[in-house]
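Chemist: The structure's right below; bear with me while I get my questions together.
Read-outs: derived from the displayed coordinates by stated rules, not from any lab. None of these values were measured; they are calculated from a predicted model. A quick note on method: Cβ atoms are made from the backbone with ideal geometry, for glycine too, and the neighbour counts reach across all protein chains shown.
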Amino acid sequence: MERVAASAGRSVRFDADTQAGPRSYAAAVRAAGAVVEAVERVLGGEGDRALCAVRPPGHHAEPDRAMGFCLFNSVGVAAAHALARGLERVMVVDWDVHHGNGTQAMFYGDRRLLYLSSHQFPFYPGTGALDEVGEGEGRGFTVNLPMPPGMGDAEYARVYRRIVEPIGRAFDPQLLLVSVGFDPHVDDPLASMRVTERGFAEMAAVCLSIAAGAAAGRAVFALEGGYDLDGIARSAAAVAGVLLGGEHAPVPWPASGPIDPLVEAYREGLAPFWPVGEG
């Protein structure tokens, strides 16, 4: 924190990908503060859902290291804040196209937080394999769903309905946080997925289904990556529409297809920890 704070008013490079300009520290503090404030308002009963349109993103930032365009891990900080307030079960769903190595590192041994990430793999930052499941008391409470390039709405819908939703409902969090990366978008220049606004809306609907249990609908969504401005705008509008209770047409998927072996691998890898049923 002191190293990032020292960048205020000047330009500093933390690694090959990550630098701060004169106002980056102030923006990063406000981004993390916005997500914490959203958690406070949701837990305080001011509303069930919040969407934080913040930058810089956060999920690559580790407890002692800025990386991957991220200075502070906004969702991780907000999750830690919720646990410090006394919650016993918090879930983070991360659908950014890159694995959230920072969030995983923060809670890898903590069974109070279930971290679930779907991401292109292998890809930056190189973490997020299926067998990374947590350690010690937190074993099983990290769930990684690595995906090959080219996955679109149907594949994401199947994974989220058949894998993510059953796991989330079994954990039954008291609060759901979502790292909303829009870089799986079909038009994103930095990745190779093919998700459209409809697919993001489907994932948001799954998240709200998970939050319908012990969380009583309490969910905070926060922006992560995404590098096509039009795609971000359309996708954010679609997600906001779901959060506001708008009409949502579920995304269908074929009975079988090239994703079958992947779903089966998820089932086998996660069966010791979670009920994931038939894919």
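Chemist: Can you give me the orientation-averaged projected area of the convex hull built on the Cα atoms of the range 35-75, in nm²?
Modeler: Details: hull surface 12.2 nm².
Orientation-averaged projected area of the Cα hull: 3.0 nm².
Chemist: Which far-off residues, 5 or more places away or on another chain, put their amide H under 5 Å from the one on Leu175, with H placed in the peptide plane?
Modeler: Amide H neighbours of Leu175: Met91.
Chemist: Quick one: what are the phi-derived ³J(HN,Hα) couplings along the range 17-27, Karplus 6.51/-1.76/1.60 with θ = phi - 60°, whole Hz, x for glycine and proline?
Modeler: 9, 10, 9, 10, x, x, 10, 5, 4, 4, 5
Chemist: Also, quick follow-up: Quick one: Cα centre-to-centre distance for the range 217-255 and the range 24-83, in angstrom?
Modeler: Each part's Cα centre sits 19 Å from the other's.
Chemist: What label, among (1) 18.5; (2) 22.5; (3) 19.3, belongs to Kirkwood radius over Cα pairs in Å computed from the structure on display?
Modeler: Checking each listed value against the structure points to (1).
Chemist: What three numbers, in Å, describe the spread of the alpha carbons of the range 181-279 along their principal axes, ordered from the longest?
Modeler: The Cα atoms of the range 181-279 stretch 39, 35, 24 Å along the principal axes, largest first.
Chemist: Multiply the residue separation of Val186 and Ser209 by 0.36 nm, subtract the distance between their alpha-carbon atoms, and state the gained length in nm to one decimal. Working shown, then result.
Modeler: On the way: separation 23, 0.36 × 23 = 8.28 nm, distance 2.52 nm.
Here the segment from Val186 to Ser209 would lengthen by 5.8 nm.
Chemist: Compute the acute angle (0 to 90°) between the alpha-carbon long axis of helix 197-210 and the principal axis of greatest extent of the alpha-carbon atoms of the chain; round to the nearest 10°.
Modeler: 80
Chemist: Angle, helix 74-84 long axis vs. longest principal axis of the chain, Cα atoms, 0 to 90°, nearest 10?
Modeler: The helix 74-84 is inclined about 80 degrees to the chain.
Chemist: I want the antiparallel fraction of DSSP beta bridges within the chain, as a percent rounded to 5. Provide the component values of the computation, followed by the final result.
Modeler: Values: 4 of 31 bridges.
Approximately 15 percent, going by the DSSP bridge assignments.
Chemist: For the pair Ala6/Ala271, report the inter-label distance in nm, with labels modelled 7 Å from Cα in the Cβ direction.
Modeler: The answer from the label model is 5.2 nm.
Chemist: Can I ask one more? Which cross-chain or sequence-distant (5 or more) residues have an amide H under 5 Å from the amide H of Gly217, H modelled 1.01 Å from N in plane?
Modeler: Here Ala212 satisfy the definition.
Chemist: Counting alpha carbon pairs within less than 8 Å and at least 6 residues apart, what relative contact order, in whole percent, applies to the chain?
Modeler: Values: 608 pairs, mean separation 50.2, N = 279.
For the chain, the relative contact order is 18 percent.
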